[in-house]
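> Below you'll find the structure I mean.
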2 protein chains.
Amino acid sequence: MKIRELNERVLIEHITGSLTRNGKNTVVGAGDDDCAVLDIGGDDYLLVTTDMLHRKTDFPQQMSGWQIGWMSVAVNLSDLASKGAKPLGILMAIGVPPDTELDFFDDIIKGMDTCARSFGTQVIGGDMDSHEELTMTGTALGLVNKDLLIRRSGANTGDIVCVTGNLGTAGAALILMQKNINVDQEILKALFEPIPRINEGIALAKTHAVTSMMDISDGLALSLHDLAKASGVGFKIYEDKLPVIMDVKKKLKGDELFEAVVFTGGDFELLFTVPPDKINKARNACSFTVIGEVIKEGIFIERSNGIEPLKGRGFEHF
Amino acid sequence: MKIRELNERVLIEHITGSLTRNGKNTVVGAGDDDCAVLDIGGDDYLLVTTDMLHRKTDFPQQMSGWQIGWMSVAVNLSDLASKGAKPLGILMAIGVPPDTELDFFDDIIKGMDTCARSFGTQVIGGDMDSHEELTMTGTALGLVNKDLLIRRSGANTGDIVCVTGNLGTAGAALILMQKNINVDQEILKALFEPIPRINEGIALAKTHAVTSMMDISDGLALSLHDLAKASGVGFKIYEDKLPVIMDVKKKLKGDELFEAVVFTGGDFELLFTVPPDKINKARNACSFTVIGEVIKEGIFIERSNGIEPLKGRGFEHF
């Protein structure tokens, strides 16, 4: 059997199934959440996450070096954000084609540095490698007070489902680029310079109001499925409540709009659940949109023509 | 200017020069040692290191999946070992060609798992990516008591230079393979299944006898240059003291033998310095060979026909 015959989620389950699990320091191990969580004593948990990005899949030709550097850090910070963690440092292993212009490479480093600094941290280490295809593997370390860690697994039936920011902006950029349609800078920036929700994640964690959280960079639908699985619940969301900016609604219609908002991914927003009696506490932390509720089982979306099941389709590498 | 016009060390200095350095938790930052070192309170420092390996450069066709997995973990553990640290966990981001056989891939995972377990740790996270060339980026986390951290920068004139294990075994395997000469299993294993010196590193650190240490996976000569630069000293080593197994001496002669032992790299041994009055304390920690002494400046090797400068040449990606 070839790797390509399995999808990414099945493959990751396959891997984690054959690993020796959870040493004495491991609170959350491989495959179970956005970050691994370690208890090394003290008041905080240590969180760590890694993401491999590469030219063909993750960095469209239109991206500048600076944006490549920014995104390579941001994608890792977004995983920390989803656990309510404060960043501690970034490592970046860079595989770079030897005929890369030094100026372009310098822009990558500046983008990395700026993104890390923007969220109160810095690049503390890395590796350099000569590689045919530009490949950036980042690792982010973070800390979160043991009382404040938010896992994927805490959602309860009756909780309210929320999301930060807007949905479908990055997806719209991707879809429009694929069709060679000129894309506005604002829309393009959502795809090329995603803002990891570090500040929102930390603020939400401090409210003690959030029962589960994850980032939605693989798309809303796939993330709902991941969260549902981890928490043993279901979700019902409402299409007309999904936050979408006017520019995206102008550029995309019908199925294409739905695809961008629900499936395509690329928005680095936080999806989280809050018990109804704590929603006001959460509102004090940051702005967000209520998009649905936690139900016993199944994942559904209410659309203008009725309720339909929402498939777990989104950004997958295989 | 193209990336290929700079060598790896110059490029890394170039990068670290343009990064915002050393946040409040950073004890040792990017480019300054085998690992980044963070102070997050408590009795221990947190160490973290990352290494990107890929098929063409790092995994000869003869390597099994299991050996690829083993090496990808071992190369990161070796960096922890050189600072005297105890491993806390491994993350592995894997870029894998979609037409890879699942059996081969499973062997990679088993090799990773076995190597981690052999040194008291485990794979706690990672990432999967579809990639044209098999690419493995590992990250290792470790802890070391603040009193026991050994840096590259502590060597003093008059210290004795020591190395664990044997030199040139992995180099011999590489050279023989390139010449299509049949290679003994013992020699091949040194290259394909390197043993990170975790136990030796921890034991040496506990003696308080070691003033500087690093791993020599990039070769003895380049590592001596790195250590000299970090400590602001020089080295004189003796060719006839370099530990080389008989099998290697039988297979390689003259310049080729010298190349394998001093320049080629691939041996995951520890190079370290000890003040003369503490050498017996160090001997209690593990077995090693004295190969020279720390001098004021310059890096020299004494050979049968006299003393000559030792160039800083070794394994570099650019």
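No value in this document is a laboratory result; all are computed from the given coordinates. As the structure is a computational prediction, the values presented were derived from the model and not from experiment. A quick note on method: Cβ atoms are made from the backbone with ideal geometry, for glycine too, and the neighbour counts reach across all protein chains shown.
> In whole Å, what is the distance between the alpha-carbon centres of the stretch A:68-132 and the stretch A:161-232?
When both Cα centres are located, 20 Å separates them.
> Please compute, for the alpha-carbon atoms of the stretch B:108-181, the extent along each of the three principal axes and give them in descending order in Å.
Dimensions of the stretch B:108-181 along the principal axes of its Cα atoms: 50, 40, 23 Å.
> Same structure, new question: For the pairs A:179/A:253; B:83/B:311; B:83/B:278; A:2/A:311; B:229/B:249, flag any whose C-alpha to C-alpha distance is greater than 21 Å.
Listed pairs above 21 Å: B:83/B:311; A:2/A:311; B:229/B:249.
> If you don't mind, another one. Could I get the Rg over Rh figure for the stretch A:152-309? Both from C-alpha atoms, Rh via Kirkwood, rounded to two places.
0.97
> In nm to one decimal, list the spacings between the residue A:18 label point and its equivalents in the other copies, with label points set 7 Å along Cα to Cβ, shortest first.
Those separations, rounded to one decimal, come out as 4.1 nm.
> Note down the net charge around residue A:53, summing +1 for each Lys or Arg and -1 for each Asp or Glu among other residues with Cβ under 11 Å from its Cβ.
-3
> Where the eigenvalues come from the Cα gyration tensor of the stretch B:212-304, what are the semi-axes √(5λ) of the equivalent ellipsoid, largest first, in whole Å?
22, 16, 13
> Now, a different point. When only DSSP loop residues count, what chymotrypsin sites (Phe, Trp or Tyr not before Pro) in the stretch A:1-107 have their Cβ near at most 11 other Cβ atoms within 10 Å?
none
> Sticking with this structure for a sec: When only alpha-carbon atoms are used, what values of Rg and Dmax, in angstrom, describe chain B?
Using the Cα atoms of chain B, the pair Rg, Dmax is 19.1, 58 Å.
> Computed FRET efficiency, Cβ-Cβ of residue B:297 and residue A:114, R0 51 Å: what is it to the nearest 0.05?
Calculated value: 0.85.
> Sticking with this structure for a sec: Find out how many positive minus negative residues lie around residue A:236, taking Lys and Arg as positive, Asp and Glu as negative, among other residues whose Cβ is under 12 Å from that of residue A:236.
-3
> Further question: Rank B:283, B:152, B:197 by mean-square fluctuation in a GNM of chain B with C-alpha springs under 10 angstrom and give only the top-ranked residue.
Comparing B:283, B:152, B:197 in the GNM, the peak value goes to B:283.
> How are the C-alpha pair distances of the protein assembly as shown spread across 10 Å bins, as whole percents from the shortest bin up?
The calculated distribution, bin by bin, is 3, 16, 26, 25, 15, 8, 4, 1, 0, 0.
> I'd like the FRET efficiency for residue B:21 and residue A:156, computed as 1/(1 + (r/R0)^6) with the beta carbon distance as r and R0 of 41 Å, rounded to 0.05.
0.35
> Between residue A:206 and residue A:277, what is 0.36 nm times their sequence separation minus the Cα-Cα distance? Round to one decimal in nm.
Roughly 23.9 nm would be gained on extension.
> Out of all DSSP beta bridges in the stretch B:167-311, what portion is antiparallel? Express it as a percent rounded to 5.
Given both bridge residues lie in the stretch B:167-311, the antiparallel proportion sits at roughly 75 percent.
> Could you work out the mean count of beta carbons from other protein chains within 10 Å of each residue's beta carbon in A:195-203?
Taking all residues of A:195-203 together, the mean is 0.
> What residue among B:68, B:198, B:12 has the largest mean-square fluctuation in a Gaussian network model of chain B, using Cα springs under 10 Å?
In this elastic network of chain B, the residue with the biggest mean-square fluctuation among B:68, B:198, B:12 is B:12.
> Report the percentage of all Cα-Cα pairs in the stretch B:57-178 whose separation exceeds 18 Å, rounded to a whole percent.
Tail fraction, whole percent: 60.
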